[in-house]
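These notes concern the structure reproduced below.
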Amino acid sequence: MKRITSLIAMALAAAVSAFGQRTETSLDEGWFIRPITANKNPEPTPVTLPHTWNAEYLPDGTYNREMMVYTRKLEVTPAMAGKRLFLYFEGVNSVCDVFVNKRTVGGHKGGYTAFCIEITDAVRQGGNELEVWVSNAYRTDVLPISGDFNIYGGIHRPCHLIVTGADCISPLFHASPGVFIRQNKVNDAAADITVETVLSIKDKEGLTLHTVISDASGKEVASASAKADGESVKQPFNIQDPILWNGRENPYLYTVTVQLMRDGRVLDEVVQQTGFRYFRVDADKGFFLNGKPLDLHGFCRHEDFDGRGSALLPEDYDTDFDLIMESGATMMRLAHYPHAEPVYRHSDEKGIILWTEIPMCGPGGYDYTGYLGNDGFRENAIQDTYELVYQKFNHPSVCFWGIFNEILVSDGTRFVEYDNPIPFISEINDLYHKIDPSRLTTFATCVDENYYLGISDLIAWNKYFGWYGNEPNGIGPFMDQAKADAKGQPVGISEYGAGASIHHHWLPGESRPEPRGRFHGEERQALVHESNLEAIQSRPYLWSKIIWVFSDFHSSIRKEGDRDGFNDKGLVTYDRKTRKDAFFLYKANWTTDPMVYITSRRYTDRTQAVTDIKVYSNMDEVTLFLNGKKVGKVKPDNLKRAIWKGVSLQPGENTVTAEGRSRKTKKTDTCTWTLNQ
Ligand code: GCB
């Protein structure tokens with residue numbers, strides 16, 4: 001019965017889209033998974049992609065990092081005779097071999113970029129067997145070789161079958177769309193662009209390429225035809241008075257349709273969305289989008305969701321983006337690897353600026369053996385760079401290419417000659433610029449020394465003042481010094497934050513939670529963010545101000561906070577159901593839609609009668625009521641905090657109400673605390 005259902009589902013998933021002779025069919029349904037070792041549960045389990053076998057921890061708190069085998073039937077219909085067939089995997093973590101009818105057809109190293117394999121000669125009419133051996137075991141030749149997050153094993157992103165005619169726009173070129181919209185020069189008056197199309201053709205006779213650019217209403221704004229007789233075709237366009245892609249204010253998108261034609265017949269078609277924009281970073285004034293300053297603040301984000309691991313569903317991306325938009329963020333750093341396609345698409349559509357990076361991730365090297373001594377590591381990083389850039393090339397949201405996160409030196413503390421990472425980092429930086437001269441390069445470092453200055457266009461620091469460190473001066477003076485040392489290179493903040501459990505509560509004056517300890521009071525996280533935000537807000541030279549991290553995530557190396565195996569520095573919980581207090585600090589500071597929020601609201605059972613009450617609000621003034629009686633009216637301060645000191649709760653239940661007012665608008669928030677004495 002199960003088999004029949006999955007066959008029906010496979011049939012339904014077929015013919016998802018058809019452009020010219022190209023069809024793209026989802027292969028997400030109808031898979032089975034089994035361990036490679038037959039003695040362990042040899043019975044295959046049916047699964048649907050995206051899938052990981054590590055969504056939950058094992059009972060002992062570890063997760064399986066062995067090889068698993070995915071199998072699926074692939075039906076080749078008579079209509080596919082004479083066509084070219086390609087398997088397109090959006091992401092298989094982290095190493096795989098792909099077989100068709102027991103024959104190797106290809107494989108891939110690296111779990112966060114797509115790859116495409118032509119299987120035309122490996123299939124036969126009728127039923128075929130697809131098999132993918134996937135391993136997420138530790139390796140020194142596949143990025144990342146280190147990191148504070150879990151490496152989810154599986155075909156954790158969707159998979160498609162692409163069928164084209166003999167001549168097509170290449171799906172094979174670094175598994176990219178094969179169409180690259182290069183923004184040579186964009187300003188308010190014109191967008192000077194080149195549409196470059198990579199072809200995979202068997203017979204170039206009579207081929208032409210017809211490209212149409214249309215605006216958001218579907219109206220054609222430019223078109224051109226060119227002879228398609230080489231491996232790639234470049235078509236220049238000059239679009240007058242373009243409507244610019246302008247971040248959250250106006251994320252305006254154009255559509256570029258490229259058709260490969262012969263004798264008036266469309267052989268293949270690729271459709272891409274893009275937005276035209278220009279940007280720069282000033283060492284003193286920060287980021288400018290389309291000539292105007294835009295404050296870049298937001299979150300680092302991991303691809304990790306309760307019950308799913310990294311195999312997110314479309315609705316999970318909707319949930320995340322609703323929260324990101326609600327917070328008022330203008331940017332995101334996609335940590336610490338390329339994210340799935342919906343993240344880039346949502347960012348394009350909603351106007352979020354992206355920093356996206358290859359998984360070259362510290363700290364240290366593999367068990368601190370260094371980086372470049374590992375055979376294959378360099379090649380894998382270069383491959384990742386090509387794949388990331390070409391696969392995400394047309395997304396207007398992407399403004400920054402990230403080279404690495406926290407690469408320390410061989411022993412984790414010292415900078416030693418035999419594994420000096422700088423030449424390699426420079427090599428990746430140059431490669432980014434060679435493939436895509438239109439964007440800026442950056443990285444996230446945690447070292448205080450100046451080893452890395454001047455290598456990339458921009459630089460940013462991961463700094464945890466108030467959480468890991470006891471530094472008396474905080475992030476402000478640290479960044480002032482970094483700016484002075486950087487001699488004109490723009491400096492930013494790539495991470496700052498603190499851990500928090502929504503089940504742990506902390507009062508000012510209590511001792512500071514241990515970062516590696518079990519008690520991670522929610523209120524303390526908010527306080528750390530307040531002090532960082534204050535320092536950051538008064539330093540307009542910071543080109544990026546990025547919080548670690550959007551949501552809590554799995555990290556098997558951690559045993560702290562309220563659960564093992566989690567990093568709890570999220571501003572929202574792992575299940576996205578709770579926005580922690582600190583989330584509302586940012587919402588109050590980053591948004592203008594009237595809001596009022598009583599902090600410490602989850603601290604419902606109390607033993608101290610006298611307490612401070614803190615409200616985050618972006619409104620003109622806030623009035624506090626306790627059990628219906630007015631406590632007082634306060635104007636929120638520079639961090640949008642309204643604080644009432646020494647309020648006395650009554651024994652038993654207390655109703656706390658905050659009423660925000662801005663001219664005629666009124667907003668209220670209420671919570672209940674019980675005083676047990
Ligand atoms: C960092 C790392 C990030 C960690 C974070 C933390 O600097 O870049 O991967 O998860 O700190 O929580 O300690």
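The values are calculated or read from the model by the stated rules, or taken from the named source; none is laboratory data. Model, not experiment: these values are computed from the prediction. All Cβ positions, glycine included, derive from the backbone under ideal geometry; neighbour counts span all protein chains shown.
Tabulated data
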item	result
Filter result for Phe149 (under 19 Å from the mean Cα position of the chain (by Cα), within 24 Å of Ile403 (Cβ to Cβ) and either in a strand (DSSP E or B) or of a type in the set (Phe, Trp, Tyr) (or both))	yes
Meets criteria (more than 24 Å from Trp673 (Cβ to Cβ) and more than 16 Å from the ligand (Cβ to nearest atom)) for Pro508	no
Scope the stretch 259-299; condition surrounded by 24 or more Cβ atoms within 10 Å (Cβ to Cβ) and outside any loop (DSSP other than H, G, I, E, B); matching residues	Leu260, Asp268, Phe287, Gly298, Phe299
Filter result (surrounded by 21 or more Cβ atoms within 10 Å (Cβ to Cβ) and assigned to a strand (DSSP E or B)) within the stretch 534-557	Lys545, Ile546, Ile547, Ser551, Phe553, His554
Test: residue in the stretch 465-485 that is within 22 Å of the chain's Cα centre (by Cα), within 29 Å of Ser551 (Cα to Cα), within 16 Å of the ligand (Cβ to nearest atom) and touching a residue at least 40 places away in the same chain (Cβ under 8 Å)	no
Residue ranges of strands (runs of 3 or more DSSP E) in the stretch 558-668 with at least 2 members of a type in the set (S, T, N, Q) and at pLDDT 95 or above	610-617, 652-662
Ala500, sole failed condition from (1) within 13 Å of the ligand (Cβ to nearest atom); (2) touching a Cys at 6+ places or on another chain (Cβ under 9 Å)	(2)
In the stretch 625-658, the residues that are within 39 Å of the chain's Cα centre (by Cα), crowded, with 17+ Cβ neighbours inside 10 Å and over 18 Å from Lys587 (Cβ atoms)	Val634, Trp644, Val656, Thr657
Tally of residues being in contact with a helix residue (DSSP H, G or I) (Cβ under 8 Å, 6 or more places away or on another chain), surrounded by fewer than 24 Cβ atoms within 10 Å (Cβ to Cβ) and farther than 30 Å from Ser617 by Cα across the stretch 342-365	2
The stretch 212-234 residues that are basic (Lys, Arg), paired with ones that are exposed (fewer than 14 other Cβ atoms within 10 Å of the Cβ) (beta carbon under 6 Å, 6 or more apart)	Lys234/Thr194
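Rundown of residues vs (1) out of contact with any Ser or Thr (no Cβ under 9 Å at 6 or more places or on another chain); (2) surrounded by fewer than 18 Cβ atoms within 10 Å (Cβ to Cβ); (3) under 20 Å from Glu341 (Cα atoms), yes/no style:
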position: Leu85; (1), (2), (3): no, no, no
position: Phe89; (1), (2), (3): yes, no, yes
position: Ser94; (1), (2), (3): no, no, yes
position: Val100; (1), (2), (3): yes, no, no
position: Gly110; (1), (2), (3): no, no, yes
position: Asn128; (1), (2), (3): yes, yes, no
position: Leu143; (1), (2), (3): no, no, yes
position: Gly153; (1), (2), (3): no, no, yes
